[in-house]
Amino acid sequence: MGDLFERVLLPVASPDDATASARALQPRVGDSVVAVHVVEKAGGAVDKTSVEQREEEAAHIFEAIHAELDDHTTVETEITYGTDVAETIFEVADDVAATSIVFTPRGGSRWVRLLTGDVALDLITGTDRPVVVLPDQQGDATAEDPTGGGETS
């Protein structure tokens, strides 16, 4: 197997998450990074925000990724939609031939993770490719989601 960081899939949830994740990845980055923002769909229920609002948020997220990584590697971005954030990330990893999935864990109480599901655990245990968890160099206060994976509907 090649270098873990050759073609990284970087799931991101917010501009702050994107900045923190990109800063943690930057010293290790390889040939390319595919930043993915997963919009978690409600699975038949009404979504809280419009597609346009979600796409605008994704644009801000991707601006943060480009600001941190454009001088160091080739950056691609993708917004995708799914009812299961981890499964959607795995599908994108397959589609882009990622050598690894890389993320920085996010804060959130154990109760929040218990009640909403722990996407980070799903990412680590549910894939056939390497998953790299990088330390969050900015601390837990900067993120909205413990995985960098998506929005809750």
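Residues in the stretch 1-14 that are over 11 Å from the mean Cα position of the chain (by Cα) and either of a type in the set (S, T, N, Q) or open to solvent by 40 Å² or more (accessible area, probe 1.4 Å) (or both): Met1, Gly2, Asp3, Leu4, Glu6, Arg7. Can you tell me which residue is modelled with the lowest pLDDT among those in the stretch 16-38 that are touching a Lys or Arg at 6+ places or on another chain (Cβ under 9 Å) and crowded, with 24+ Cβ neighbours inside 10 Å? Looking at the filtered set, the residue picked out is Asp17.
Within the stretch 68-77, work out how many residues are open to solvent by less than 60 Å² (accessible area, probe 1.4 Å) and either without any contact (Cβ under 8 Å) to a residue 40 or more places away in the chain or more than 13 Å from Ala22 (Cα to Cα) (or both). Qualifying residue count, the stretch 68-77: 0. Among the residues of the stretch 45-54, none is identified as under 16 Å from the mean Cα position of the chain (by Cα) and exposed (fewer than 13 other Cβ atoms within 10 Å of the Cβ).
Can you confirm whether Arg54 is modelled with pLDDT under 90 and among the basic types (Lys, Arg)? Yes; evaluated as a whole, the condition is true for this residue.
Return the only residue of Ala42, Ala35, Ala64 being under 20 Å from Ala97 (Cα atoms), in contact (Cβ under 8 Å) with a residue 24 or more places away in the chain and out of contact with any Asp or Glu (no Cβ under 6 Å at 6 or more places or on another chain). Of Ala42, Ala35, Ala64, the one residue that is under 20 Å from Ala97 (Cα atoms), in contact (Cβ under 8 Å) with a residue 24 or more places away in the chain and out of contact with any Asp or Glu (no Cβ under 6 Å at 6 or more places or on another chain) is Ala35.
Assess whether Asp47 counts as being modelled with pLDDT under 90, in contact with a Ser or Thr (Cβ under 9 Å, 6 or more places away or on another chain) and within 20 Å of Asp136 (Cα to Cα). When the stated conditions are applied, Asp47 does not pass them.
Pairs under 8 Å by beta carbon, first residue within 10 Å of Thr127 (Cβ to Cβ) and in a helix (DSSP H, G or I) in the stretch 84-100, partner open to solvent by 30 Å² or more (accessible area, probe 1.4 Å) and among the polar types (S, T, N, Q), six or more apart or different chains? If the second residue must be open to solvent by 30 Å² or more (accessible area, probe 1.4 Å) and among the polar types (S, T, N, Q), the pairs left are Phe90/Thr127; Ala93/Thr127.
The values are calculated or read from the model by the stated rules, or taken from the named source; none is laboratory data. Because the structure is a prediction, the values reported are computed rather than measured. Ideal geometry is used to build each Cβ from the backbone, glycine not excepted, and the neighbour counts take in all protein chains shown. Heavy atoms of the whole protein, side chains included, go into the accessibility calculation; ligands, DNA and RNA do not. Shrake-Rupley method; radii C 1.70, N 1.55, O 1.52, S 1.80 Å.
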